[in-house]
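Peer 1: Structure in structure tokens, see below.
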Amino acid sequence: MATQKEDFKCPNCKKKNRIKIKSEVTSAEIDKIIDRSLFKVKCLACGETITVDYPIKISGDNYVIYYTPCSSDEIEDEYHEYMRVCDTFDDFKEKLLIMKDSLNDIIIELIKDYLIIELDEEIKKDIKDIRYDGQNEEHLIFYLIGAEKSAGCSKQIYANLLKKCKLKKIKKCVNVDHQTYEKYLKKRFWK
Ligand SMILES: [Zn+2]
């Protein structure tokens, strides 16, 4: 597994540390990324545990995702069904939750718009962002940041949308988020 060295300054004692980091992981480590434990290191000087942000690539059977917190360069890679790049940890975490549950991220973004339309005006005005947050037996769960509430979408709706939507073929690593997902739909839905 690919590793590289990275320097970081401890925010506690200000000493410089050189650490070995993994630059590439497989889906076996997906949970360690989601809970961020993979990014935790111990300062060699003072022993403080620090979370360090660094670029990483994760690949599974049908996906490859690059986390690029410092740059937004597009990265070319061998073809996977899902080729994505994320530049914030929240986007990266959400993408991994989506891949872990074998869902299509473009449909997930589309469902966010559907959910927002369905919500009460009272809740709508508080929402700052909406994130995929996992699933239960019958629903996909979304967290409404700002309103601090969860909303569910039935898996049947997801399945119908997946069947109905024509998606463009993506052949390079791209950023798919709430602002950009419509580029990858062959026809527009709501607007
Ligand atoms: Zn330290």
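The values are calculated or read from the model by the stated rules, or taken from the named source; none is laboratory data. All values derive from a computational prediction rather than experimental measurement. Positions of Cβ are generated from backbone atoms using ideal geometry, with glycine treated the same way; all protein chains shown enter the neighbour counts.
Peer 1: Could you grab the pairs with beta carbons closer than 7 Å, sequence gap of 6+ or different chains, first residue in region 18-34 and under 26 Å from residue 47 (Cβ atoms) and at pLDDT below 95, second one polar (S, T, N, Q) and part of a strand (DSSP E or B)?
Peer 2: So the pair list comes out as 20/3; 21/3; 21/4; 22/3; 23/3; 23/4.
Peer 1: Looking at region 13-61, what strands (runs of 3 or more DSSP E) fall wholly within it and have at least 1 residues that are more than 16 Å from the ligand (Cβ to nearest atom)?
Peer 2: Numbers: elements: 16-22, 24-26, 40-42, 49-51, 56-59.
By residue number, 16-22, 24-26, 56-59.
Peer 1: Please work out which residue is nearest to residue 181 (Cα to Cα), limiting yourself to region 62-86 and to residues that are of a type outside the set (Val, Ile, Thr) and either within 16 Å of the ligand (Cβ to nearest atom) or touching an Asp or Glu at 6+ places or on another chain (Cβ under 6 Å) (or both). So that I can check it myself, show each step before the final result.
Peer 2: Step one: of region 62-86, the residues of a type outside the set (Val, Ile, Thr) are 62-63, 66-67, 69-74, 76-84, 86.
Filter once more, so that each one left must be either within 16 Å of the ligand (Cβ to nearest atom) or touching an Asp or Glu at 6+ places or on another chain (Cβ under 6 Å) (or both): 62, 69, 72.
On the way: 62: 19, 69: 20, 72: 17 Å.
Here the answer is 72.
Peer 1: Among the residues of region 109-129, are any away from the ligand (no atom under 16 Å from the Cβ), at pLDDT 95 or above, of a type in the set (A, V, I, L, M, F, W, C) and closer than 23 Å to residue 19 by Cβ?
Peer 2: No - not one qualifying residue is present in region 109-129.
Peer 1: Then there is this: Give the residue, chosen from 114, 181, that is of a type in the set (Phe, Trp, Tyr) and more than 23 Å from residue 58 (Cα to Cα).
Peer 2: Details: 181 fails: more than 23 Å from residue 58 (Cα to Cα).
Every option except 114 fails the conditions.
Peer 1: Only one of these is in a helix (DSSP H, G or I), of a type in the set (Asp, Glu) and under 21 Å from residue 29 (Cβ atoms): 94, 109, 78, 122. Name it.
Peer 2: Details: 109 fails: under 21 Å from residue 29 (Cβ atoms); 78 fails: in a helix (DSSP H, G or I); 122 fails: under 21 Å from residue 29 (Cβ atoms).
Within the list 94, 109, 78, 122, the selection yields 94.
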